[in-house]
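Shown next, in structure tokens, is the structure this report addresses.
The values are calculated or read from the model by the stated rules, or taken from the named source; none is laboratory data. No experiment lies behind these values; they were computed from the predicted model shown. Every residue, glycine as well, gets a Cβ built from its backbone with ideal geometry; the counts of neighbours run over all protein chains shown. Just the protein is used for accessible areas: all its heavy atoms, side chains included, with ligands, DNA and RNA removed. Shrake-Rupley method; radii C 1.70, N 1.55, O 1.52, S 1.80 Å.
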Amino acid sequence: MDAKEFREFGKAAVDFVADYLENIRDYDVLPSVDPGYLLQLLPKDMPETPETWRDILSDIDRVIKPGITHWQSPHMHGYYPTSVSYPSIVGEMLASGFSIIGFSWICSPACTELEVVVMDWLAKFLKLPEHFLHATEGPGGGVIQGSASEAVLVAVLAAREQVVCRVRASHPELSESDIRGKLVAYSSDQSNSCIEKAGVLAAMPIKLLPAGEDLILRGAALRSAIEQDVTAGLIPVICIATLGTTGTCAYDDVDSLATVCEQYNVWLHVDAAYAGGAFALDECSELRRGLERVDSLNFNLHKFMLVNFDCSAMWLRDANKVVDSFNVDRIYLKHKYEGQTQIPDFRHWQIPLGRRFRALKVWITFRTLGAEGLRAHVRKHIELAKKFEVFVLADARFELVAPRALGLVCFRAKGENEITAQLLQRLMERKKIYMVKAEHRGQLFLRFAVCGMDPKPSDIEFAWTEIGTQLTALLAEQEHLAAVGKAGDVTELTQQFGLQLTNGTNEKSQ
Ligand code: PLP
């Protein structure tokens, strides 16, 4: 492909993406394909001879698009949002055009320096403590990791290595393997699975402490666990708090956790993968309480800041602790400016050697929307969630399971879990909206997350109508079956009612 053809293909691809995003409401949010559908459609070997971009683009429309789950649809309400924006897409395209690997300053000065700039912009926008800024005198600063999982792993590994060094110095009688065998870390039983995974990868048990009734982890629970462990000869390393848990968007009590961590010299990391976006809002300032006392923090721009995956911001109060833990140098990685400036070599702040030019899409997005646009986006998600919450509260058949938090509403159909489970099954099979379920203390519930780059009040009305109508139909069927004495017999149910559980397709998604 030469530059002329690239221009044609590129422009056609931009049109394709713009058409797709502009008309995204026309698609069922979930695809109507069975496992293995694509394997059946595509040849077993790559083509021997070149094919034209027109054929390829038409195949993307024909075979790829039908197998897409439409994450950018405002009818997607599962997980947390992963909002993209047009400027971010362009940023991604330009970064691909440069295709640099910016692991050290000399490998692309603009890559490193733009990252320093946007991480400071973002820290100020989120009103983070000043010591997290590169521009502030001192060892703090921010870096872009690929995902929250990577950020957490970096914090866990760095904290672990710091403790190993410290204990080796203070207890020369202990061997390194003795020390490593005693290490222990903490988080809440509401924390994301990536926390537990970080423990597995770091070969260090992470104890998932029971959160309170309100799903919040507090200092008292951490203190009691640490005291027990210290008495048993274990060495506490790190506590990972969450602001915005994945299940219900609960906020751990960072302040009281910090008090315990400071007392026991334990690293405190905050996973604010989703909720971090709300730090920017004055009305959510309470969320930032205690952040000045944490050692590290992560926030996914690919959740709330309209920057496409992957893009996870991480700040460190003392980046030297990570650099010292991860600095494995080779002669070919050195450059003549190394260590002479305040500019970091971000390869020491992360797991891989190579790094993408992610700062470009962040910079372009921030400039295109401005701080004002970003705040408006977060506020819009919150307002739409409030609208959904009002619908839930007004319908006596439903109940909230936890207080609405930011753009997330956790709710269930009153009564047996089975009703909520069956409701979700129907909704999934119809594919008009997508939600995921969660469970707390034996209660099954549905998570309704506001998603999409430009969700509207009508999208919330659409979702509520779908949920309400399906519950009405489900209850009517159950009532009928109870009357004829065959409740629970799904086969019978399907035969009797000719249930249209899979009628969720429409022209565009077929
Ligand atoms: N932490 C929290 C609170 C999350 O909600 C999620 C994902 O939704 C993660 C971490 C994992 O994020 P990532 O996919 O960026 O690793």
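For this structure, a couple of remarks:
- Selection of trypsin sites (Lys or Arg not before Pro), region 1-84, meeting DSSP coil and at most 12 other Cβ within 10 Å: 44
- Remark: for residue pairs 387/437; 65/387; 182/303; 386/456; 65/386; 124/437, the C-alpha separation exceeds 24 Å in 65/387; 182/303; 65/386; 124/437.
- Within the chain, longest stretch clear of exposed GluC sites (Glu not before Pro) (DSSP loop, no more than 14 other Cβ within 10 Å): 214-337
- Where the Cα pairs of region 378-496 fall when distances are cut into 5 Å bins, in %: 2, 11, 21, 23, 19, 11, 7, 4, 2, 0
- Looking at the chain alone, DSSP beta bridges between its own residues are antiparallel in about 60 percent of cases.
- The reciprocal of the average 1/r between distinct C-alpha atoms defines the Kirkwood hydrodynamic radius, which for region 95-366 equals 18.9 Å.
- For the chain, the per residue solvent-accessible surface stands at 46 Å², with DNA, RNA and ligands left out and a 1.4 Å probe.
- Integer Hz, Karplus 6.51/-1.76/1.60 couplings in order for region 311-324, x for Gly and Pro: 6, 10, 7, 9, 10, 10, 6, 9, 5, 4, 5, 7, 4, 4
- Close amide H pairs (under 5 Å, H built 1.01 Å from N) link residue 217 with 212, 252, 253, residues at least 5 positions away or on another chain.
- Simple point charges give the picture: +1 on the Cβ of Lys and Arg, -1 on the Cβ of Asp and Glu, and for the chain a dipole about the Cα centre of about 500 debye.
- The stretch between residue 34 and residue 93 holds 18.1 nm of extra length on full extension. This uses 0.36 nm per residue minus the Cα-Cα distance.
- Förster radius 51 Å - calculated FRET efficiency between residue 371 and residue 227, Cβ distance, rounded to 0.05: 0.70
- Cα extents of the chain along the three principal axes, largest first (Å): 76, 66, 46
- Around the Cα centre of region 95-366, unit charges on the Cβ atoms of Lys, Arg, Asp and Glu (plus for the first two, minus for the last two) sum to a dipole of about 760 debye.
- Only Cα pairs under 8 Å and 6+ residues apart enter the sum, and on that basis the relative contact order of region 378-496 stands at 22 percent.
- Sulfur and carbon atoms: percent of accessible area, region 95-366 [1.4 Å]: 55
- Across the options 129, 153, 68, the greatest Cα extent toward the positive end of the charge dipole of region 15-173 (unit charges at beta carbon of Lys, Arg, Asp, Glu) belongs to 129.
- Trypsin sites (Lys or Arg not before Pro) within region 181-230, DSSP loop, no more than 15 other Cβ atoms inside 10 Å: none
- A simple charge model with +1 on the Cβ of Lys and Arg, -1 on the Cβ of Asp and Glu and nothing else charged puts the dipole of region 3-68 at about 140 debye relative to its Cα centre.
- Two-site label geometry, residue 197 and residue 178: point separation in nm, points 7 Å out along Cα→Cβ: 3.6
- Entry note, the chain: relative contact order of 21 percent, from Cα contacts under 8 Å with a spacing of 6+ residues.
- Estimated translational diffusion coefficient (Stokes-Einstein, Kirkwood radius over Cα pairs, 20 °C, 1.002 mPa s) of region 3-68: 156 µm² per second.
- Classification of region 1-114 by its C-alpha gyration tensor yields an oblate form. The axis ratio a/c (a ≥ b ≥ c) is 1.5 or more, and b/c is at least a/b.
- Only beta bridges with both residues in region 95-366 are counted; by DSSP, about 40 percent of them are antiparallel.
- FRET efficiency, residue 124 to residue 320 (Cβ-Cβ, R0 30 Å, nearest 0.05): 0.85
- Dipole-positive endmost among 316, 326, 230 within region 95-366 (Cβ charges, Cα centre): 326
- Distance (nanometres) between label positions extended 7 Å along Cα→Cβ at residue 482 and residue 16: 5.2
- Fully extending the segment from residue 400 to residue 421, taken as 0.36 nm per residue of separation minus the present Cα-Cα distance, adds 6.0 nm.
- Interchain or long-range residues, amide H under 5 Å from residue 28's placed H: 506, 509
- Furthest towards positive pole of dipole, 56, 12, 39, structure part region 3-68, Cβ charges: 12
- For region 407-438 versus region 159-185, the spacing of their alpha-carbon centroids is 47 Å.
- Couplings 3J(HN,Hα) for region 127-134, derived from phi with the Karplus relation 6.51 cos²θ - 1.76 cosθ + 1.60 (θ = phi - 60°), are 6, 6, x, 4, 5, 7, 7, 5 Hz, where x marks Gly and Pro.
- Rounded FRET efficiency, nearest 0.05, which uses the C-beta distance separating residue 379 from residue 286 and R0 of 22 Å: 0.85
- Sequence-separation-based contact order of region 6-122, relative, with Cα cut under 8 Å and 6+ spacing, percent: 25
- For residue 207, residues with placed amide H under 5 Å, excluding near neighbours: 185, 186, 187
- Whole-Hz Karplus values for region 445-460 come out as 9, 10, 9, 10, 9, 6, 10, x, 7, 8, x, 10, x, 5, 5, 6 Hz, taken residue by residue from phi with 6.51 cos²θ - 1.76 cosθ + 1.60 and θ = phi - 60°; glycine and proline positions read x.
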